[in-house]
Amino acid sequence: MRLHPAFALLIAAPLAACSTPAAPAQPDAPPPASTPAPPPPEPASAPASGPADASQRAQAGRQRLMRTPPGRLVLAAIDQQGGLDAWFAGGALRFRYAYTPVGSSAPRISTSTVDLLTARVVQDFEEPTRGLIAWDGAQAWSLLEDPDAVPARFWALTPYYFVAMPFVLSDPGVQLERLDEDPTGAGFPGAHVVRATFDAGTGDAPDDYYILYLDPHSSRLLALRYVVSWAPFVAPRNLPHTPEKLLVYEQPLPVGSLSLASRHTTYAFQDGKRGEKVTDAPVTHMEHGPLFDPARLTPPPGAVIDTTLDPYR
């Protein structure tokens, strides 16, 4: 995935659109430039951010969500999974994501370590190639055995955005509305349905959207319907975005003081109905609160800066 819409504002003021697992860079894949060099790295032992910053981010996110009825539904879902205070206080999140298209023998497997306040990330890859990609808040780069195996800017934050739902919807630039639609076709009778869109000019793909299905009793996020509007995928085909997909969150596990789904199963979605299964993505080795090493964001010799988006700016 690429830089998600909400992240543009979050990076400018320390805390993608879209398209919020690991698959080949194709127009129907789920969702995500040469810029000034990043600042000198901090000591590897330094925490990603301080407690004051975490508290301020949590408070600002709660205030944004409390303003509207759909925002309060999303806030209830966040609270059900541990709450914003705990989320940001952890500083960083680490997890292994194994994105596997149905029928494919080539899963995309990587371990992401994400600074939760700045949405900077380093991904260490196992498959389909070994190496790493990173997003430092200004540019994405890769250092892979197969340089063309992973679209760095698109994929850098894609696994994170899926894993971090619904927490990331507390970010600035997010617009929420309650939808009056029957959730039965998605497989969730009685669910609350909330649509998330993004302010114009927010992030790399502001035309992405996400539709959340929330359990009416527990408030837990059950599933996420989404599209990808990443220009390098859709512009050559003169499309506004890819077809809708439905990501179902399954097998929640405790991760520190949080609760996160340990399996993401994605289905086609057409004419208001869940279709065939298209991908499976186990999420393992989840850790909330690991140290984030900013030194790893500095492009090493031989790294390739991702300029894929440049022709569409």
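Sorting 51-60, 146-155 by their mean Cβ neighbour count within 10 Å, with the most densely packed peptide first, gives 146-155, 51-60. Full extension of the chain segment joining residue 271 with residue 55 gains 73.5 nm, where the gain is 0.36 nm per residue of separation less the Cα-Cα distance. With a Förster radius of 35 Å applied to the beta-carbon distance between residue 263 and residue 130, the computed FRET efficiency rounds to 0.90. Each Lys or Arg adds one and each Asp or Glu subtracts one; over the other residues with Cβ under 12 Å from the Cβ of residue 143, this totals -2.
Summing charges over all other residues whose Cβ lies under 12 Å from the Cβ of residue 198, with Lys and Arg as +1 and Asp and Glu as -1, gives -4.
All of the numbers you see were taken from the coordinates with simple rules; none came from a lab. Everything quoted here is computed from the prediction, not taken from an experiment. Cβ: placed from backbone, ideal geometry, glycine included. Neighbour counts: every protein chain shown.
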